[in-house]
1. Looking at the structure I just gave you, is E299 at pLDDT below 95, over 21 Å from E108 (Cα atoms) and away from ligand 1 (no atom under 16 Å from the Cβ)?
2. Return the residue satisfying two criteria in turn: it lies in segment 221-257 and is among the hydroxyl-bearing types (S, T, Y) and part of a helix (DSSP H, G or I), and of such residues it is surrounded by the most Cβ atoms within 10 Å (Cβ to Cβ).
3. In segment 162-212, which residue that is buried (at least 23 other Cβ atoms within 10 Å of the Cβ) and among the hydroxyl-bearing types (S, T, Y) is farthest from I412 (Cα to Cα)?
4. Of E242, E190, E218, E184, which residue is of a type outside the set (A, V, I, L, M, F, W, C) and away from ligand 1 (no atom under 14 Å from the Cβ)?
5. Test S131 against the stated conditions and say whether it is more than 15 Å from ligand 1 (Cβ to nearest atom) and touching a residue at least 24 places away in the same chain (Cβ under 8 Å).
6. Is there a residue being in contact (Cβ under 8 Å) with a residue 24 or more places away in the chain and within 20 Å of L15 (Cβ to Cβ) anywhere in segment 234-255?
7. Inspect segment 142-150 for any residue being closer than 30 Å to G241 by Cα, among the β-branched types (V, I, T) and within 11 Å of ligand 1 (Cβ to nearest atom) and give the result as yes or no.
8. Somewhere in segment 225-237, is a residue within 16 Å of ligand 2 (Cβ to nearest atom) and within 18 Å of L186 (Cα to Cα)?
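The values are calculated or read from the model by the stated rules, or taken from the named source; none is laboratory data. All values reported here derive from a predicted model rather than from experimental measurement. Note: ideal-geometry Cβ built from the backbone for every residue, glycine included; neighbour counts use all protein chains shown.
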Amino acid sequence: MRVLVVGQGAREHALCWKLHQSPLIKELYAAPGNAGIAAVADCVPIGVADIVELADFAEKLKIDLTVVGPELPLTLGIVDEFQKRGLTIFGPTRLAAELEGSKVFSKEFMRKYNIPTAEATVCSSVVEARSALKKLPAVIKVDGLAAGKGVVVVNTRQEAEDYLRMVFEEKRFGNAANRILVEELLLGEEVSFMAITDGKRVVPLAPAKDYKKVGDGETGANTGGMGAHSPAVILNGETAGEIMRSIVMPTVLGMEAEGRPYTGCLYVGLMLTANGPRVLEYNCRFGDPETQVQMLRLEDDLADLLLKASRGNLADTKLNWKKEAAACVVIAVEGYPDDFLKGQEVAIDPIADDSVVLFYAGIVKSGTKLLNIAGRVISVCARAATLSEALAKVYEAAPKIRFQGARYRRDIGYRALGQRRASE
Ligand code: AMP
Ligand code: GLY
């Protein structure tokens with residue numbers, strides 16, 4: 001079959017890498033793809049938000065399955081556009097993608113279906129927010145997509161006032177922040193739980209642990225993710241079962257009851273609190289960098305799985321995972337996630353260990369040079385018998401990626417291994 005992957009990050013590179021191994025696939029395309037994806041797929045220069053052009057392309061090339069990576073095209077309705085034209089596509093419709101696109105919608109949905117999450121108040125003005133901020137610290141979240149910058153933990157009244165001014169007076173987030181949530185701060189360990197669903201049936205992916213903060217020891221700003229490993233280690237089988245029963249299944253059934261059946265990959269960001277798992281957020285797509293480590297461990301044919309889910313035909317699919325562990329460290333540019341340099345030349349020294357896999361993120365080719373176009377540049381990944389071996393391989397390879405201002409966390413996996421790596 002012919003498959004199109006929409007996206008240009010390391011997540012999409014990992015998806016293409018795995019799809020490329022499927023004997024079912026005769027032609028693999030990526031839009032727009034990147035310099036790494038180009039090794040396994042034909043890259044077509046169509047942007048992820050150009051959903052009509054993407055559907056035109058899929059029609060013209062008779063694409064049998066389109067797989068959507070990022071949330072933007074999903075929230076813009078790419079699935080609706082494809083389905084209108086009778087094209088098979090993996091991902092939720094625009095209405096279903098509101099689980100990620102609107103934090104107010106998802107909070108009200110969780111309340112309605114008794115899905116465990118943090119207490120929160122919806123506020124539309126500074127006055128309402130002030131009165132909701134009774135207890136500090138608290139979390140403030142803007143309703144809409146805000147490129148990962150719409151969530152802040154406020155420790156003092158002053159911090160809260162500063163953020164509220166940015167939201168309501170300076171309108172830093174535009175309409176995405178017409179409404180905000182003032183939310184209880186949850187304490188515990190974060191874990192990512194993903195599942196593939198055809199709208200009714202659900203197959204969990206191997207849990208992964210993502211490291212979201214930019215700095216070692218969970219310090220600094222939130223990012224898209226600086227590293228990951230699978231197994232998650234902190235999540236045992238019993239808790240995973242509880243998450244399926246009390247969170248994932250009620251979400252899928254609830255969305256169906258709401259008339260917004262959810263098909264695709266459902267990503268639940270969780271806090272494992274002393275009172276059990278609580279939902280921090282939903283994402284309507286595969287996680288990045290969680291997908292990179294999951295694809296290294298998945299035994300089964302990804303094309304077959306995603307096609308079945310897209311056709312409402314998941315039946316009682318069960319997935320098989322390699323017993324080995326996989327680890328990933330993201331090489332980013334100094335300054336990420338705020339201001340960082342683009343257009344820098346990226347050099348990759350030879351890596352002798354062939355169990356190391358590089359998934360390219362924001363890298364394009366210009367002539368013979370590789371240039372960075374985003375803050376996260378490469379995911380360095382490896383699989384090995386144990387997590388500590390996988391991490392050792394990744395950390396051995398990481399310095400081989402060289403560019404001005406290259407930086408990465410030195411402590412991915414440290415909590416899971418119960419040890420802290422020495423910071424630089
Ligand atoms: P979100 O976009 O809602 O996932 O929030 C981004 C990050 O903020 C999460 O990955 C958590 O690290 C943190 N966060 C969000 N909500 C809470 C909460 N209620 N309590 C503690 N941390 C939170
Ligand atoms: N790793 C976090 C995310 O994909 O949103």
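1. When the stated conditions are applied, E299 does not pass them.
2. It comes out as T251.
3. T197
4. E242
5. No.
6. Scanning segment 234-255 turns up no residue that is in contact (Cβ under 8 Å) with a residue 24 or more places away in the chain and within 20 Å of L15 (Cβ to Cβ).
7. No, segment 142-150 contains no residue that is closer than 30 Å to G241 by Cα, among the β-branched types (V, I, T) and within 11 Å of ligand 1 (Cβ to nearest atom).
8. For segment 225-237, residues within 16 Å of ligand 2 (Cβ to nearest atom) and within 18 Å of L186 (Cα to Cα): present.
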